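Engineer: The structure follows.
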Amino acid sequence: MKLPSLDYTCPATLAEAIAALADHNGDAKVIAGGQSLMPMLAFRLAAPKLLVDIGRLPGLDRIDISEDGIDLGALVTWRMIERDARLAQAHPLLAAAIAHVAHYQVRNRGTIGGSLAHADPAAEMPGVAVTCDAVLTIAGANGVRIVPAAGFFRGGLETVLAPDELIVSVRLPSWRRGRRWGFAEFARRRGDFALAGVASYYHLDAQGEICDAHAGVIGAADRPLRLKEVECVLNGQRPSVELIRQAADVARSAIAPPDDIHAEGAYRRELVGVLLERVLAKAGDIDMSEAA
Ligand SMILES: Cc1cc2nc3c(=O)[nH]c(=O)nc-3n(C[C@H](O)[C@H](O)[C@H](O)COP(=O)(O)OP(=O)(O)OC[C@H]3O[C@@H](n4cnc5c(N)ncnc54)[C@H](O)[C@@H]3O)c2cc1C
């Protein structure tokens, strides 16, 4: 299908981009990589009067890694993350998760800012952001605000972004040495959106007990979720086959995925349990076949 008729602007500064959004009062849309927006325009799922192309805004494609955290500009693409060997070291969970995003063509153009703003419930980057306590820097006509990823997603394709706001960057807290972690997802074809995916990490204290457990899931609700119930079960325990089975059961009970054209909710619930078992087995280096 052809795109609807619309105007286009390619501002040179952040202030100009915000002014263009504010002037159109909800009738303008940011375009970054266009990998989600262009199909939405073609299918008439979005009908803005103006596209504000942020592709030339300076500084939005930076990747800064420091002891304080990892700052990723909104225009950082999947390919840039994948090609940055420092990031694989600095945040192995991020690198592992985004390796599942789409195909080369999409990965060359798709951006993390676009992914967060698009807020697909099965997208990897929102899941990583929520699981890892990321914070987003958002700029708009009223200034800049910092929003935790946990409060950014409001539902399927819905966020707290106001019409005149755009994501400038996302910060992931630094990855502490010695973390045990895993990421797993299942998609029917390589590069498709996942039916569900699970991320988790934790530390072992001096007694060999789990502390600071984080667990998150994508594809199980209208937004990425933290599995706090699972984290409670893990914290203070030693990794074991029994603990992993218990955590997986808790995960199954904690979610209520809806039926959709891709899978029934019951299937996704079971899938999340299986994926969490795999993730925790990998994190703890545990052979699940050891079970009695
Ligand atoms: C065939 C195919 C397969 C895919 N598979 C996956 C997958 O497996 N996993 C996955 O996560 N994604 C997948 N995607 C989506 C892809 O990752 C998109 O690139 C990404 O979701 C959006 O990034 P973009 O830069 O292309 O955003 P755009 O398409 O340009 O924009 C998407 C939305 O975000 C808004 N937006 C963009 N940037 C900003 C910003 N900085 N601030 C505020 N709003 C902004 C736009 O207004 C629009 O509403 C797939 C896409 C395709 C076409």
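The values are calculated or read from the model by the stated rules, or taken from the named source; none is laboratory data. In this text the structure is predicted, and so the values were computed from the model without any measurement. All Cβ positions, glycine included, derive from the backbone under ideal geometry; neighbour counts span all protein chains shown.
Every residue, every condition in (1) more than 13 Å from the ligand (Cβ to nearest atom); (2) crowded, with 17+ Cβ neighbours inside 10 Å, yes or no:
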| position | (1), (2) |
| --- | --- |
| Leu87 | yes, yes |
| Pro92 | yes, no |
| Val101 | no, yes |
| Arg109 | no, yes |
| Glu124 | no, yes |
| Ile138 | no, yes |
| Asn142 | yes, no |
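Engineer: Another question, then. Against the condition surrounded by fewer than 18 Cβ atoms within 10 Å (Cβ to Cβ) and within 25 Å of Ile146 (Cβ to Cβ), how does Gly33 come out, does it pass?
Structural biologist: Judged against the criteria, Gly33 is not a match.
Engineer: Next up: Residue check, Pro58 against (1) away from the ligand (no atom under 11 Å from the Cβ); (2) in the same structural domain as Pro163 (by TED's automatic domain parsing), all met but one. Which one?
Structural biologist: Condition not satisfied by Pro58: (2).
Engineer: Turning to a different aspect of this structure: Would you say Ala74 is touching a residue at least 40 places away in the same chain (Cβ under 8 Å), within 8 Å of the ligand (Cβ to nearest atom), out of contact with any Pro (no Cβ under 6 Å at 6 or more places or on another chain) and small (Gly, Ala, Ser)?
Structural biologist: Considered against the rule, which asks whether it is touching a residue at least 40 places away in the same chain (Cβ under 8 Å), within 8 Å of the ligand (Cβ to nearest atom), out of contact with any Pro (no Cβ under 6 Å at 6 or more places or on another chain) and small (Gly, Ala, Ser), Ala74 comes out as yes.
Engineer: Further question: Consider Asp23 carefully, then state whether it is over 22 Å from Ser115 (Cβ atoms) and out of contact with any Lys or Arg (no Cβ under 9 Å at 6 or more places or on another chain).
Structural biologist: yes
Engineer: (1) surrounded by fewer than 19 Cβ atoms within 10 Å (Cβ to Cβ); (2) in contact with a His (Cβ under 9 Å, 6 or more places away or on another chain): which one isn't true of Arg238, the others all being true?
Structural biologist: With respect to (1) surrounded by fewer than 19 Cβ atoms within 10 Å (Cβ to Cβ); (2) in contact with a His (Cβ under 9 Å, 6 or more places away or on another chain), Arg238 is out only on (2).
Engineer: Hey, among Val230, Val217, Val198, which residue is β-branched (Val, Ile, Thr), outside any strand (DSSP E or B) and either under 30 Å from His118 (Cβ atoms) or not assigned by TED's automatic domain parsing to the domain that holds Leu280 (or both)?
Structural biologist: Val230
Engineer: Restricting the search to segment 126-152, which residues are in contact with a strand residue (DSSP E or B) (Cβ under 8 Å, 6 or more places away or on another chain), over 17 Å from Ala215 (Cβ atoms) and touching a residue at least 24 places away in the same chain (Cβ under 8 Å)?
Structural biologist: Selection gives Val135, Leu136, Thr137, Ile138, Ala139, Gly140, Val144, Phe152.
Engineer: Further, regarding this structure: Tell me, please, whether a residue that is more than 12 Å from the ligand (Cβ to nearest atom), of a type in the set (A, V, I, L, M) and not assigned by TED's automatic domain parsing to the domain that holds Arg83 can be found in segment 178-186.
Structural biologist: Yes: segment 178-186 contains one or more residues that are more than 12 Å from the ligand (Cβ to nearest atom), of a type in the set (A, V, I, L, M) and not assigned by TED's automatic domain parsing to the domain that holds Arg83.
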